[in-house]
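Let me begin by presenting the structure, written as structure tokens, before commenting on it.
What follows draws every value from the coordinates through simple rules; no lab data is involved. Treat the numbers as computed from the prediction; the structure is a model and nothing was measured. For neighbour counting, all protein chains shown are included, and Cβ atoms are generated from backbone atoms with ideal geometry for every residue, glycine included.
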Amino acid sequence: EAYIPKIIDVNYIEGSGDERWRSQNFPWTKKLEANNKKVFGNHSFRPNQREVINATMSGCDVFVLMPTGGGKSLTYQLPALVCPGITLVISPLVSLIQDQIMHLLQANIPAAYLSANMEWTEQQEILRELNSDYCKYKLLYVTPEKVAKSDALLRQLDSLYVRELLARIVIDEAHCVSQWGHDFRPDYQGLGILKQKFPNTPVLALTATATASVKEDVVQALGLVNCIIFRQSFNRSNLWYSVIPKTKKCLEDIDKFIRENHFDECGIIYCLSRMDCEKVAEKLQEYGHKAAFYHGSMDPAQRAFVQKQWSKDEINIICATVAFGMGINKPDVRFVIHHSLPKSIEGYHQECGRAGRDGQRSSCVLYYSYSDYIRVKHMLSQGSIEQSPLTGYGRANMTNSGRILETNTENLLRMVSFCENDVDCRRLLQLAHFGEKFDSATCKKTCDNCLKIKSFIEKDVTETAKQLVELVKLTGQHFSSSHILEVYRGSLNQFVKKHRHETVRLHGAGKHLAKGEASRVLHYLVVEDFLVEDVKKNDIYGSVSSILKVNEAKVRNLFGGQRIILRFPSSVKAPKQGKPEVTPAKGSLTSGKLCLPQIDTPVQPQREKDLDLS
Ligand code: ADP
Ligand code: MG
Ligand code: ZN
């Protein structure tokens, strides 16, 4: 069988560990330092800020993955200030843009924005100013729709470019480019035109959330050239994670949890529907908490009022849909509770991330029930689920909606498997989703799974791994990981039945394994690149799905004697069939070190303590 290469060529260079970008001998270093202090009032740089600024000012295309609150804005605002010409910033929401402009003007940095709902004369005036040789603006913010629709803007950018005054193009919230992201925005996909038209202007793409496939999508769609990637650990060591089975007594449980751990402290409870928000808030009030609700069908003044009360600690608990959270910067949120299942791991990570910005210990508790999964799935298919303000734009037209639904379902399934996993470190699971390796020993029992595990056994899972790889091949490398797992466990649902003839040998081969074990091994195969998750785009219907392909080069080692040994909690029984082989075969490439929780080559050069999120 022919080797199937990765469809998307990796077109980027890792920048995070590169000493060159840390140098303080760039011609602009002194100017940066001075302006960072004087204009922005910062005493120093946060992790990766200096590196990103040096790379973009050297003229490279740069992709930045930095957690929310990490300080992404400075990485383009400071260069904008010290470079000649204008920086164009694409940002998804007018409200975010207005907020940024307000801050810039307060710091005496001239900035403007163009949006479709502005008076035409006002837009004209800004465009005219851009045309002037002494243009006063250092930054121009636009929405992606503006780039797509306004020829007048493109003409002005052309003229700036020709006069060598288009200093930099910034794509904020760059994950919106990708359908794999949780905030897909069709107009972001058209932004590739900028690199085509202005090839010599460096592009800086910024996001707080990107899985490997999102990242590749973004790099490709924007046409970034030899792009340098900066990322840092997304681990939030002060957040304590747990997933708790949701029962009928869920609200009593929540009351008890808050009372015992965070009484009178500030928190957010994320609810699925508007009605849930109101019900949960009412119940908590009955229990004696200062709670209020927040959702999309309240009028803006009412919403602003509730948010303000919460910010000023007049109420502690806000029961909200995901509409609540964008741009919220309250440092002392002590808990984030999910009253029902989040839509994706990215969403979960972001929502939890609103807790503990001040670095103090905070709790993230998710109440999970399978019936919530069905409910969320249904609401997604009906389009009746409330979205974050960013996502709302995603449902632009019918051709997109089918594709978005599929992506949503896949994202939701991953969230389900996160909740059902009662073995692996919650941090490791979240970070693996973002392509980050994490040594779960560093969790130090700050998640429910690490806490309950007392001892480990090492187990040779090579046979399971081989069977899973074979199964991927037998099914023609067309299917998602969830499908492969279903077949392996012997599931008999309609879809699986239909394909049974091809896979009869391995159908149900993993039946005897302990719960979660097969998915753990499959997960490992993907993380270690034996299997590659690929985006399948169906041109006729425009649908996408994630499918597993075999990386023949890696897999050859596996069938040539390499052993895979993983750690399991000692309660998991060894497989009934076959002898466990724990000694690595002679000459194999790896040793017992291959254990998933003990990966000793972290991709992330930044240690968690470097992550200043205050
Ligand atoms: P992001 O876009 O990554 O979510 P922002 O750019 O909005 O984050 O920055 C978050 C906060 O951090 C802002 O209040 C900003 O002023 C502050 N900040 C950014 N860089 C620094 C720094 N080097 N020192 C101190 N505060 C900083
Ligand atoms: Mg930002
Ligand atoms: Zn853990």
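Once the cut-off is 24 Å, how many percent of the Cα-Cα pairs in the range 165-302 end up in the long-distance tail?
So the portion of pairs separated by more than 24 Å is 55 percent.
Where the centroid of each part is defined by its Cα atoms, how far is the range 429-454 from the range 197-224 in Å?
Distance between centres, Cα-based: 29 Å.
Cross-link list K30/K197; K37/K197; K437/K549; K37/K136: which exceed 25 angstrom alpha carbon to alpha carbon?
Result: K30/K197; K37/K197 exceed 25 Å.
Give me the distance between the Cα centres of the range 17-50 and the range 302-351, rounded to whole Å.
What the calculation gives is 33 Å, centre to centre.
How charged is the neighbourhood of Q24? Take every other residue with its Cβ under 15 Å from the Cβ of Q24, and add Lys/Arg as +1 and Asp/Glu as -1.
+2
Please report W310, W240, W28 as a ranked list, fewest other C-beta atoms within 10 angstrom at the top and most at the bottom.
Neighbour counts put them in this order, fewest first: W28, W240, W310.
K138: which aspartates and glutamates have alpha carbons under 20 Å from its alpha carbon, excluding same-chain residues fewer than 8 sequence positions away?
Output for K138: E33, D61, D99, E122, E125, E129, D158, E164, D172.
Percent of alpha carbon pairs in the range 115-171 separated by more than 17 Å?
So the pairs more than 17 Å apart make up 34 percent of the total in the range 115-171.
Can you sort S381, S519 so the residue with the fewest Cβ neighbours within 10 Å comes first?
So the ranking, lowest neighbour count to highest, is S381, S519.
Once amide H atoms are placed 1.01 Å from N in the peptide plane, what residues at a sequence separation of 5 or more from I228, or on another chain, have their amide H within under 5 Å of its amide H?
I13, D61, V62, F63
If the limit is 24 Å between Cα atoms, which of K215/K452; K246/K511; K195/K554; K290/K312; K149/K343; K249/K290 go over it?
The answer is K215/K452; K246/K511; K195/K554; K149/K343.
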